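Engineer: Below: one structure in C-alpha cells.
The values are calculated or read from the model by the stated rules, or taken from the named source; none is laboratory data. Every value quoted in this text rests on a predicted model; they were computed, and no experiment measured them. Here the Cβ positions follow ideal geometry from the backbone for every residue, glycine too, while neighbour counts run over all protein chains shown. Accessible surface areas use protein heavy atoms only, side chains included; no ligands, DNA or RNA. Shrake-Rupley method; radii C 1.70, N 1.55, O 1.52, S 1.80 Å.
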Amino acid sequence: NIKLDGFLLKPVQRICQYQLQLKELVKHTHHQHCDYDKVLEAESIMKGVATTVNERKRRAEGINKLAQWQATVDDWRGDDLLKESSILIHSGSLTKISAGNKQTRRFFLFDHQLVYCRKLLGSGRLQYKGRINIDQCRIVDLPDNSEAGVCNGWRMENPVKQKWIVLFCKHPAEKRKWMDMLAEERQQVRNDRESGFLVTEAMRRAAYVSSAPNTTSKSKLLLRANQKYKSSSSLREELSGSVVTDSGVVGRPSSVQLSDKKHKLGKSFLRKQKFTT
C-alpha cells in the first residue's frame, strides 16, 4: 500500500543507513584485514554524501523562505531574489550615505547581493529601495571619523559602475558582526562554486508556487507552471497578482482586485494555457 512517493524516498532514507552500517563494519573489521582501508574509505564517502544531502535539503527550504520573504516586500523592482541568491546570511539596520544623502535602512545580506528596504510607518511592511551587487564590490574599512560623522563604518566600492556607498552602525560590536557576515558570504559563494550548487529554474518555480495563496492545489499549480511558464519571474508576477499601472509601474493590487484574483487564479492558468497551445 506504499505510494510512489514513498518508494522514491527509500533510496534517500537509506543514505543514512548505509553510513551507519559501514561504521559498524569498520568497527568489526581488523586493522590488518585486506579490506579495512577500502571499508574505511567507503564510510568516509557515504558520510560526505549524507552531509551533502542534508545541506541541499536545508538550502531548498531556505529558497522557499526567500520566495516568501520577497512576496512580503512592496514595490519590488528588478530581478527576482532567487535569480542570484539562495540563502539569507544576516540582516539589521544600517545608516547609508550615497550621493550626499544619509538614510537609515533595513539591510538584508544574501549570497551575491545586499538588499535594503524602508520600513513603512503604521503597517510595518518593507518597501524595496535598492540592492548592492557584492560580486562587483570591494569593501574598504573606514577608521572612525575618517569621514565626517562616520563611526563604525565601511565603504563598498563598485569599480564596474564607478559608484560607492558608505554604511555604518551605532556600535563597534555591530560592525564586527557585519564584517564577519560579509566574509561568510564570500566563503559561502566559494563553497557553492566548488560544490556545483545551483538554483535551477524548476526550484525557483516550486518556491514561488509554495509561497502562493492556497487557492488551488499547489501540486496542480506547479504542474501547470512547468507546462506553461518559461521563467520564474512571469510565474511570480502571476501568483502575486501584480498589476501594471498607466505609468508602467508594477504595483500591488487593491483589496478588491486581490479578492477577485484569489477566485480566478486557477481559471487564469487554464485560460492562458489554452491561448498558448
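Engineer: Please name all residue pairs, on different chains or six or more residues apart, with Cβ atoms under 9 Å, provided the first residue is in segment 96-111 and is among the β-branched types (Val, Ile, Thr) and the second residue is open to solvent by less than 70 Å² (accessible area, probe 1.4 Å) and not in a strand (DSSP E or B).
Structural biologist: Close Cβ pairs (under 9 Å, with a partner that is open to solvent by less than 70 Å² (accessible area, probe 1.4 Å) and not in a strand (DSSP E or B)) amount to ILE97/GLU147; ILE97/GLY149; ILE97/VAL150.
Engineer: Let me ask something additional. When you go through (1) in a helix (DSSP H, G or I); (2) closer than 25 Å to ALA67 by Cα; (3) not basic (Lys, Arg) one by one for TYR128, which number turns out not to apply?
Structural biologist: For TYR128, the failing item is (1).
Engineer: For segment 29-44, check the following and say yes or no: at least one residue is without any contact (Cβ under 8 Å) to a residue 40 or more places away in the chain, in contact with a helix residue (DSSP H, G or I) (Cβ under 9 Å, 6 or more places away or on another chain) and under 30 Å from ARG204 (Cα atoms).
Structural biologist: No.
Engineer: For segment 79-112, what are the residues that are touching a Phe, Trp or Tyr at 6+ places or on another chain (Cβ under 8 Å) and among the polar types (S, T, N, Q)?
Structural biologist: If the condition is that a residue be touching a Phe, Trp or Tyr at 6+ places or on another chain (Cβ under 8 Å) and among the polar types (S, T, N, Q), then SER85, SER86, SER91, SER93, THR95, SER98 are the ones that fit.
Engineer: Filter segment 85-124 down to residues that are among the charged types (D, E, K, R) and assigned to a strand (DSSP E or B) and give me whichever is farthest from the chain's Cα centre (by Cα). Talk me through it step by step, then tell me what you get.
Structural biologist: Restricting attention to segment 85-124, the residues satisfying the condition of being among the charged types (D, E, K, R) are 96, 102, 105-106, 111, 118-119.
Right, trim to assigned to a strand (DSSP E or B) and you get 96, 102, 105-106, 118-119.
Working: LYS96: 23, LYS102: 28, ARG105: 20, ARG106: 17, ARG118: 20, LYS119: 20 Å.
Of everything passing the filter in segment 85-124, LYS102 is farthest from the chain's Cα centre (by Cα).
Engineer: Failed condition for TYR18, given (1) open to solvent by less than 70 Å² (accessible area, probe 1.4 Å); (2) in contact with a helix residue (DSSP H, G or I) (Cβ under 7 Å, 6 or more places away or on another chain); (3) among the aromatic types (Phe, Trp, Tyr), with all others met?
Structural biologist: (1)
Engineer: Anything in segment 1-28 that is polar (S, T, N, Q) and in contact (Cβ under 8 Å) with a residue 12 or more places away in the chain? List them, or say none. Before the answer, list the steps.
Structural biologist: The first filter runs over segment 1-28 and keeps only residues polar (S, T, N, Q), leaving 1, 13, 17, 19, 21.
Passing the criteria: only GLN19.
Engineer: Tell me which of these LEU82 doesn't satisfy, since it passes every other one: (1) in contact with a Lys or Arg (Cβ under 8 Å, 6 or more places away or on another chain); (2) modelled with pLDDT of 95 or more.
Structural biologist: (2)
Engineer: What residue, among those in segment 34-73 that are touching a strand residue (DSSP E or B) at 6+ places or on another chain (Cβ under 9 Å) and of a type in the set (Val, Ile, Thr), is surrounded by the fewest Cβ atoms within 10 Å (Cβ to Cβ)?
Structural biologist: The residue in question is THR72.
Engineer: When you scan segment 74-84, do you find a residue that is open to solvent by 30 Å² or more (accessible area, probe 1.4 Å), in a strand (DSSP E or B) and out of contact with any strand residue (DSSP E or B) (no Cβ under 9 Å at 6 or more places or on another chain), even just one?
Structural biologist: no
Engineer: Among all residue pairs at least 6 apart or on different chains, which show Cβ distances below 6 Å where the first residue, located in segment 116-142, is farther than 15 Å from ARG106 by Cα and the second is among the small types (Gly, Ala, Ser)?
Structural biologist: If the second residue must be among the small types (Gly, Ala, Ser), the pairs left are LEU142/GLY153.
Engineer: Can you name the condition, by its number, that VAL160 falls short on among (1) among the aliphatic types (A, V, I, L, M); (2) open to solvent by 70 Å² or more (accessible area, probe 1.4 Å); (3) assigned to a strand (DSSP E or B)?
Structural biologist: (3)
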